[in-house]
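Engineer: Below is a structure I'd like to ask you about.
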Amino acid sequence: MRPKRLDDISWDAFKNLPLEEKSPYFKQKNGMPYHVLLAQQFDRETLDHVCRMATRIRRIAKSKDGMAFLMGQLPHKRAMLDFSQPSSRTFLSFYAACQILGLKVGEVRDPTTSSEMKGESREDSVRTFSSYFDLIIMRTPTQGFAEKMAWILSNAGRPVPIINAGSGKDQHPTQALLDIYTLERSFERSGGIEGKNVVFVGDLLRGRTVRSLASLLTLYPGVKQFFVAPDELQIGQDVLDQLSAAGVDYEVTNDFESVIPEADAIYMTRIQDEWDKEGESHQVDISDFYFTADHLKLLKYSAILMHPLPRRKEIDPAVDSDPRAMYWRQVRNGMWIRVALISAIFGRDDEILDYYTRNLR
Ligand code: NCD
């Protein structure tokens, strides 16, 4: 689809578009992402490209010359990390990814140190940042805010690319990318992600990583998705509707142990109690939704165990040394997929692939 322009559409009209109709507004002419705002904006071709880039970039980065080449890609650009929700791994992962490409990084992590304390709107603050930076990476508690900023900046004549690093309970598209990359690497020798059973466990109602990954997995034929949670924290109907529309097979259950032997990947999540009004999720018994060392016996030899982290008690630390525990590798994969994504946004992919072909093939 031909890229569309955010300055050709009113905010109200844009806001009310179905997710798949928003995607063309976030793309460049070559089909690569310009803004990264929703998981639904990705097609299979882009996912495959970004994963392939990440694998080549990490090979290039192994040598001093290769790292110097990567750091020479974007030294003329500056990125702003605007994180108004707690974060350490996603923040540092983006920070390191920018450093690898030579991007200079600025940050605001605590809104109490910004002029928002003087009554400035979030919109005005971010518009100010956009004057100093060439990329904005943003984590916000407000669903849709990153999209709103992309629209505002385009209409203000300064269409700086925006990456959504987690918005509200709704979206975490770059976590979903790193999860796809992890699944792809793990199943490289067993036929890829296609046809696998992926089991989501925990707070599926408010876990944005699950919502974004469930959406990306619809691009892999034959994947069956299982949603395992207590009734109070079960996955939203909007996600299930999306899966049905895509013809995806799924199962909703609260019987974790019966599903473990069927799983090719289990994706554990913590209770997102920061969204509780009065601690209500602490009234829910979640102990049946923990992965224990005993569960390893039920898990296929070829299966993997994932977690976006931070972890609480969902996975017994005794499981960490099992080769099927993939969560620490997910963290590392996250940095490389973000390097690949940022280089695609700034159109450095051809040069990077060319370097790889000339030096490492
Ligand atoms: C997740 C998030 O922020 O949604 N963390 C992350 O970015 N890896 C998951 C969580 O906080 O539970």
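The values are calculated or read from the model by the stated rules, or taken from the named source; none is laboratory data. Keep in mind that what you see is a predicted model, and the values were worked out from it rather than measured. When we count neighbours, we look across all protein chains shown, and the Cβ atoms used for this are built from the backbone with ideal geometry, even at glycine.
Engineer: For ARG56, state whether it is on the phi < 0 side of the Ramachandran plot, out of contact with any Gly (no Cβ under 6 Å at 6 or more places or on another chain) and surrounded by fewer than 17 Cβ atoms within 10 Å (Cβ to Cβ). It would help to see each step written out before you state the result.
Structural biologist: On the way: on the phi < 0 side of the Ramachandran plot: yes; out of contact with any Gly (no Cβ under 6 Å at 6 or more places or on another chain): yes; surrounded by fewer than 17 Cβ atoms within 10 Å (Cβ to Cβ): no.
The answer is no for ARG56.
Engineer: Considering only the range 153-176, state which residues are within 12 Å of the ligand (Cβ to nearest atom) and outside any strand (DSSP E or B). Even if it seems obvious, please write down each step before you answer.
Structural biologist: Within the range 153-176, the first condition is being within 12 Å of the ligand (Cβ to nearest atom), and the residues that meet it are 164-176.
Answer for the range 153-176, where residues must be within 12 Å of the ligand (Cβ to nearest atom) and outside any strand (DSSP E or B): GLY168, LYS169, ASP170, HIS172, PRO173, THR174, GLN175, ALA176.
Engineer: A further question on this structure: From the list ILE352, ILE304, pick out the single residue that is away from the ligand (no atom under 14 Å from the Cβ), over 28 Å from ASN30 (Cα atoms), β-branched (Val, Ile, Thr) and surrounded by 15 or more Cβ atoms within 10 Å (Cβ to Cβ).
Structural biologist: Being away from the ligand (no atom under 14 Å from the Cβ), over 28 Å from ASN30 (Cα atoms), β-branched (Val, Ile, Thr) and surrounded by 15 or more Cβ atoms within 10 Å (Cβ to Cβ) holds for just one of ILE352, ILE304, which is ILE304.
Engineer: It is to be established whether one or more residues within the range 94-107 are small (Gly, Ala, Ser) and more than 16 Å from the ligand (Cβ to nearest atom). Steps first, answer last, please.
Structural biologist: So in the range 94-107, the residues small (Gly, Ala, Ser) come out as 96-97, 102, 106.
If we keep only those that are more than 16 Å from the ligand (Cβ to nearest atom) too, we end up with 102, 106.
Scanning the range 94-107 turns up at least one residue that is small (Gly, Ala, Ser) and more than 16 Å from the ligand (Cβ to nearest atom).
Engineer: Can you give me the ranges of the helices (runs of 4 or more DSSP H) entirely in the range 5-65 with at least 3 residues that are in contact (Cβ under 8 Å) with a residue 60 or more places away in the chain? Working first, answer last.
Structural biologist: Values: elements: 11-15, 19-22, 44-60.
It comes to 11-15, 44-60.
Engineer: Could you count how many residues in the range 191-211 are within 16 Å of the ligand (Cβ to nearest atom) and not in a helix (DSSP H, G or I)? If you could, list the steps in order and put the result at the bottom.
Structural biologist: Kept after step one, since they are within 16 Å of the ligand (Cβ to nearest atom), are these residues of the range 191-211: 200-211.
Next cut, not in a helix (DSSP H, G or I) only: 200-207.
Residues in the range 191-211 being within 16 Å of the ligand (Cβ to nearest atom) and not in a helix (DSSP H, G or I): 8 in total.
Engineer: May I pose another question? I'm trying to understand the selection: among the residues of the range 217-234, which are within 15 Å of the ligand (Cβ to nearest atom) and not small (Gly, Ala, Ser)? Step through it out loud before you land on a result.
Structural biologist: First, pick out the residues of the range 217-234 that are within 15 Å of the ligand (Cβ to nearest atom): 229, 233.
Hit for the range 217-234 is LEU233, nothing else.
Engineer: Considering only the range 318-329, I want to know if a residue exists there that is crowded, with 22+ Cβ neighbours inside 10 Å, within 16 Å of the ligand (Cβ to nearest atom) and either assigned by TED's automatic domain parsing to the domain that holds PRO159 or closer than 30 Å to THR46 by Cβ (or both).
Structural biologist: Within the range 318-329, the first condition is being crowded, with 22+ Cβ neighbours inside 10 Å, and the residues that meet it are 326.
The next check asks that each one be within 16 Å of the ligand (Cβ to nearest atom); those that pass are 326.
So of that shortlist, the ones also either assigned by TED's automatic domain parsing to the domain that holds PRO159 or closer than 30 Å to THR46 by Cβ (or both) come out as 326.
Checking the range 318-329: at least one residue is crowded, with 22+ Cβ neighbours inside 10 Å, within 16 Å of the ligand (Cβ to nearest atom) and either assigned by TED's automatic domain parsing to the domain that holds PRO159 or closer than 30 Å to THR46 by Cβ (or both).
Residue by residue, here is whether (1) of a type outside the set (Lys, Arg); (2) more than 21 Å from the chain's Cα centre (by Cα) holds:
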residue: GLN175; (1), (2): yes, no
residue: ARG185; (1), (2): no, no
residue: GLY191; (1), (2): yes, yes
residue: VAL198; (1), (2): yes, no
residue: LEU213; (1), (2): yes, no
residue: VAL223; (1), (2): yes, no
residue: ALA245; (1), (2): yes, yes
residue: ASP249; (1), (2): yes, yes
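Engineer: OK, next. Select from the range 274-311 the residues that are farther than 22 Å from LEU183 by Cα and under 20 Å from the mean Cα position of the chain (by Cα) and list them in ascending order.
Structural biologist: Scanning the range 274-311 gives GLU274, TRP275.
Engineer: Among the residues of the range 90-113, write down those that are among the polar types (S, T, N, Q) and either surrounded by fewer than 18 Cβ atoms within 10 Å (Cβ to Cβ) or assigned to a strand (DSSP E or B) (or both).
Structural biologist: Result: GLN99, THR112, THR113.
Engineer: Can you spot a residue in the range 68-89 that is of a type in the set (D, E, K, R), part of a helix (DSSP H, G or I) and within 22 Å of the chain's Cα centre (by Cα)? Let's see the steps before the verdict.
Structural biologist: From the range 68-89, those of a type in the set (D, E, K, R) are 77-78, 82, 89; that's our starting set.
Right, trim to part of a helix (DSSP H, G or I) and you get 89.
In the following step, the residues that additionally are within 22 Å of the chain's Cα centre (by Cα) were identified as 89.
Within the range 68-89 (the criterion being of a type in the set (D, E, K, R), part of a helix (DSSP H, G or I) and within 22 Å of the chain's Cα centre (by Cα)), the answer is yes, since at least one residue qualifies.
Engineer: Another question, then. Against the definition (hydrophobic (A, V, I, L, M, F, W, C), buried (at least 16 other Cβ atoms within 10 Å of the Cβ) and more than 29 Å from TYR301 (Cβ to Cβ)), how does ALA165 come out, yes or no? Give the derivation first.
Structural biologist: Details: hydrophobic (A, V, I, L, M, F, W, C): yes; buried (at least 16 other Cβ atoms within 10 Å of the Cβ): yes; more than 29 Å from TYR301 (Cβ to Cβ): yes.
The answer is yes for ALA165.
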